[in-house]
1. Taking helices (runs of 4 or more DSSP H) that do not extend beyond the stretch 16-88, which have at least 3 residues that are in contact with a strand residue (DSSP E or B) (Cβ under 7 Å, 6 or more places away or on another chain)?
2. Under 6 Å by Cβ, and 6 or more places apart or on different chains, what pairs join a residue from the stretch 58-78 that is in contact (Cβ under 8 Å) with a residue 12 or more places away in the chain with one that is acidic (Asp, Glu) and assigned to a helix (DSSP H, G or I)?
3. Starting from the stretch 5-28, take each residue that is without any contact (Cβ under 8 Å) to a residue 40 or more places away in the chain and list its partners that are of a type in the set (D, E, K, R) and assigned to a helix (DSSP H, G or I), counting only C-beta distances under 9 angstrom and pairs at least six apart or across chains.
4. Which residues, counting only those in the stretch 112-145, are modelled with pLDDT of 95 or more and of a type in the set (Gly, Ala, Ser)?
5. Can you pull out every residue in the stretch 92-116 that is part of a helix (DSSP H, G or I) and over 19 Å from Leu129 (Cβ atoms)?
6. Considering only residues that are in contact with a Ser or Thr (Cβ under 7 Å, 6 or more places away or on another chain) and within 29 Å of Arg12 (Cβ to Cβ), which ones fall in the stretch 56-95?
7. Can you tell me which residue in the stretch 54-102 is surrounded by the fewest Cβ atoms within 10 Å (Cβ to Cβ), limited to those that are among the aliphatic types (A, V, I, L, M) and closer than 14 Å to Ala158 by Cα?
Amino acid sequence: MRIKLDQVRENREKIVAAAATQFRQNGFDGIGVAKLMQAAGFTVGGFYNHFSSKDELMTEAVVAGFNEIEERYRSCGASGLIDNYISKAHRDAPGEGCPAAALAAEASRHSEETRGAFEDGIKILLKILQSDWCQSTGERRSIPRGTAIALLAQAVGAIALARSCPDGSTLADEILDTCRTDGVERVRSTQDTQAPRTARPRMSK
């Protein structure tokens, strides 16, 4: 019985992992259950042994996708996340990238559970963006929440816009380069404003 339960759990995890990739690559509405199961290595007949609906799978796939991103960027801090997120590598590999950049526009049309998973994922990214390594001191510095929100919106928008352009588009590259440079500069300027000031010497009486 234990072996059977472990196998069921393993199969479910395989389906969720495959769906996390396929949804980011093709969109929620761009791929059906049969293709999702095929990508995971199973027949469509076994789908309802694991999930009550496609929406349930979508929610779990979003959670899995954001967990991947958290693992990838956890130790980067704000500047490292911006540098790696707003990149050609991320643009060109949507199936392995951030669910927010790939699926945010579609999420608004789906279930509360799926949208809730997006909210949790966005909070994960904001938490990473709210801290950064100060280059001059090597210490952790806090990034204001409003700045983190603006940086995330810019990063997600940059990837979405770059992907909407034709392959080989110079505009797509310009969008990425401009937004990445601006984002990193904003993080650095925040660090500068937080840098401890040297106390002024007191004037002798």
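1. On the way: elements: 33-40, 54-73, 77-85.
Counting at least 3 such residues, we get 77-85.
2. Pairs found: Thr59/Glu113.
3. Matching pairs, first to second residue: Arg12/Glu60; Asn26/Lys35.
4. Gly116, Ala117, Gly121
5. Of the stretch 92-116, the ones part of a helix (DSSP H, G or I) are 94-96, 99-107, 112-116.
Selection gives Pro94, Gly95, Glu96, Leu103, Ala105, Glu106, Ala107, Glu112, Glu113, Thr114, Arg115, Gly116.
6. Hits for the stretch 56-95 are Met58, Thr59, Val62, Gly95.
7. Filtering the stretch 54-102 for residues among the aliphatic types (A, V, I, L, M) gives 57-58, 61-64, 69, 78, 81-82, 86, 89, 93, 100-102.
Then keep just the ones that are closer than 14 Å to Ala158 by Cα; that gives 81-82, 86, 89, 100-102.
Values: Leu81: 25, Ile82: 28, Ile86: 28, Ala89: 10, Ala100: 26, Ala101: 24, Ala102: 24.
Once the filter is applied, the top-ranked residue is Ala89.
The values are calculated or read from the model by the stated rules, or taken from the named source; none is laboratory data. In this text the structure is predicted, and so the values were computed from the model without any measurement. Here Cβ is always computed from backbone atoms with ideal geometry, including for glycine, and neighbour counts include all displayed protein chains.
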